[in-house]
1. Anything in segment 133-167 that is at pLDDT below 95, crowded, with 16+ Cβ neighbours inside 10 Å and closer than 21 Å to residue 95 by Cα? List them, or say none.
2. Which count do you get for residues in segment 60-80 that are without any contact (Cβ under 8 Å) to a residue 40 or more places away in the chain and either open to solvent by less than 50 Å² (accessible area, probe 1.4 Å) or within 21 Å of residue 166 (Cα to Cα) (or both)?
3. List the number of the failed condition for residue 125; all other conditions in (1) open to solvent by 40 Å² or more (accessible area, probe 1.4 Å); (2) at pLDDT 95 or above hold.
4. Any residue in segment 81-99 that is surrounded by 24 or more Cβ atoms within 10 Å (Cβ to Cβ) sitting within a Cβ distance under 7 Å of a residue that is aromatic (Phe, Trp, Tyr) and part of a helix (DSSP H, G or I)? List the pairs, counting only those 6 or more apart or interchain.
5. Exactly one condition in (1) over 23 Å from residue 109 (Cβ atoms); (2) open to solvent by 70 Å² or more (accessible area, probe 1.4 Å); (3) without any contact (Cβ under 8 Å) to a residue 40 or more places away in the chain; (4) in contact with a Ser or Thr (Cβ under 7 Å, 6 or more places away or on another chain) is not met by residue 16; state its number.
6. Can you tell me which residue among 118, 16, 84, 113 is at pLDDT 95 or above and more than 21 Å from residue 142 (Cα to Cα)?
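The values are calculated or read from the model by the stated rules, or taken from the named source; none is laboratory data. Not measured: the values here are computed from a predicted model. Don't worry about glycine lacking a Cβ; one is built from the backbone with ideal geometry, like all the others, and counts go over all protein chains shown. Side chains are part of the model used for accessible areas, which takes the heavy atoms of the whole protein and leaves out ligands, DNA and RNA. Shrake-Rupley method; radii C 1.70, N 1.55, O 1.52, S 1.80 Å.
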Amino acid sequence: MKKYGIFYGSATGVTASIAKKIGDYLGVDQAEIHDVSQSSPDMFGDYEVLVLGTSTWGDGEIEEDWYDMLAGVEVLDLKDKKIALFGCGDENMSDTFCNGVGELYRRLKPTGATFVGAFNTLGYDFNHTDAEVDGQIVGLLLDEANKPELSDEKITAWVALLKTQTE
């Protein structure tokens with residue numbers, strides 16, 4: 001089994017709780033789930049699969065704790081790593097829904113990592129997301145504010161997908 005490390009940025013606790021739920025579904029020890037505000041880029045080296053999550057704020061920005069972490073991670077060579085992305089957003093912010101996931105993708109793409117976990121947005125109603133790249137959603141997008149009833153089913157399906165793409 002691959003070693004998973006989960007890293008998240010969460011201002012209100014929603015993304016933190018989703019990170020822990022994903023960890024439970026993946027069978028990841030709680031010690032391998034990290035708040036990026038208390039983490040450093042060199043910690044990425046400890047894992048084969050990086051599961052990275054952010055909420056989306058303002059006009060579609062990543063959660064603020066990610067900025068310092070990304071500054072250090074963007075210069076790393078992650079070609080031997082797999083990265084799966086997830087994010088929390090509000091579909092009522094119809095033109096920026098989960099844009100933070102798209103920003104993580106764009107900023108980490110040059111590291112050479114292999115991205116896994118492309119998923120769908122079935123059940124949501126929004127106009128645009130930067131998490132759509134080349135016609136595909138690059139990770140798991142959740143709306144805990146408006147449609148929390150979709151989250152468990154989506155997480156379950158996404159985790160099953162991750163396991164097939166990382167084992």
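1. Answer for segment 133-167, where residues must be at pLDDT below 95, crowded, with 16+ Cβ neighbours inside 10 Å and closer than 21 Å to residue 95 by Cα: just 133.
2. As a first pass, look at segment 60-80 and keep what is without any contact (Cβ under 8 Å) to a residue 40 or more places away in the chain: 67-68, 70-80.
Within this subset, residues satisfying the condition of being either open to solvent by less than 50 Å² (accessible area, probe 1.4 Å) or within 21 Å of residue 166 (Cα to Cα) (or both) are 70, 72-73, 76-80.
Matching residues across segment 60-80 total 8.
3. Only one criterion in (1) open to solvent by 40 Å² or more (accessible area, probe 1.4 Å); (2) at pLDDT 95 or above is unmet by residue 125, namely (2).
4. Pairs that qualify, where the first residue is surrounded by 24 or more Cβ atoms within 10 Å (Cβ to Cβ) and the partner is aromatic (Phe, Trp, Tyr) and part of a helix (DSSP H, G or I), are 85/105.
5. Failing condition for residue 16: (2).
6. 113
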